[in-house]
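The values are calculated or read from the model by the stated rules, or taken from the named source; none is laboratory data. The shown structure was predicted, so the numbers you read here are calculated from the model rather than taken from an experiment. Glycine gets a Cβ as well: all are built from the backbone with ideal geometry, and neighbour counts include every protein chain shown. Side chains are part of the model used for accessible areas, which takes the heavy atoms of the whole protein and leaves out ligands, DNA and RNA. Shrake-Rupley method; radii C 1.70, N 1.55, O 1.52, S 1.80 Å.
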Amino acid sequence: MQLNVNGKSHEVDVEPTTPLLWVIREQLGLTGTKYGCGIAQCGACTVHIDGAAARSCAMPVSAAAGKRITTIEGLASGKALHKVQKAWVDHEVPQCGYCQAGMIMAVAALLRDKPKPTDTDIDATITNICRCGTFQQVREAIHAAAKA
């Protein structure tokens, strides 16, 4: 099966029903995308599929074949951080950091669709779970990234 991940073509030999998350992590060695719940609820596994945020733990790899897949490793442009990544650093968002790659990917998709989101937009769209409770810092970083 042919996958386009972070702008590179990869041939993977896996069952079509294998979750995309496991192909990204185990076959391609891109471990920034995390496993959290396995049922697409927590968002730790969020990647972009053709620019839209998607939870990769419950998506069969066959559904992503032929599409542009972007992981946290592909979000930055060379050595320049994406504006969401920069806002995360500037606002010291992560505590443990486990959920943050998925959160950043979800926020990057939100800002692409709504460059100046309201708090209502954020509440409706960013449903990722942070067990450390950094939601206030996340909101501040989202608004800072929107202004960048």
> Among the numbered criteria (1) part of a helix (DSSP H, G or I); (2) within 22 Å of Ala148 (Cβ to Cβ); (3) out of contact with any Lys or Arg (no Cβ under 7 Å at 6 or more places or on another chain), which single criterion is violated by Ala101?
Replying inline: (3)
> Which one of these is in contact (Cβ under 8 Å) with a residue 40 or more places away in the chain, open to solvent by 70 Å² or more (accessible area, probe 1.4 Å) and more than 21 Å from Arg68 (Cα to Cα): Asp123, Asp90?
Replying inline: Asp90
> Which one of these is in contact with a Lys or Arg (Cβ under 9 Å, 6 or more places away or on another chain), farther than 28 Å from Ala124 by Cα and either charged (D, E, K, R) or outside any loop (DSSP other than H, G, I, E, B) (or both): Leu21, Leu3?
Replying inline: Leu3
> Across the stretch 93-120, what is the total count of residues that are open to solvent by less than 20 Å² (accessible area, probe 1.4 Å) and aromatic (Phe, Trp, Tyr)?
Replying inline: 0
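Can you tell me which residue in the stretch 1-36 is least open to solvent (accessible area, probe 1.4 Å), limited to those that are among the hydroxyl-bearing types (Ser, Thr, Tyr) and closer than 15 Å to Ile72 by Cα?
So, considering only residues that are among the hydroxyl-bearing types (Ser, Thr, Tyr) and closer than 15 Å to Ile72 by Cα, the one least open to solvent (accessible area, probe 1.4 Å) is Thr33.
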> Could you list, in sequence order, the residues of the stretch 52-79 that are open to solvent by 20 Å² or more (accessible area, probe 1.4 Å) and in a loop (DSSP other than H, G, I, E, B)?
Replying inline: Ala58, Met59, Ala65, Gly66, Lys67, Leu75, Ala76, Gly78, Lys79
> Would you call Gly43 in a loop (DSSP other than H, G, I, E, B), open to solvent by less than 20 Å² (accessible area, probe 1.4 Å) and not charged (D, E, K, R)?
Replying inline: yes
> Can you find a residue in the stretch 69-87 that is without any contact (Cβ under 8 Å) to a residue 12 or more places away in the chain and over 24 Å from Val5 (Cα atoms)?
Replying inline: no
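Pull up the stretch 126-135, narrow it to residues that are surrounded by fewer than 18 Cβ atoms within 10 Å (Cβ to Cβ) and modelled with pLDDT of 95 or more, then point me to the one that is farthest from His48 (Cα to Cα).
Ile129
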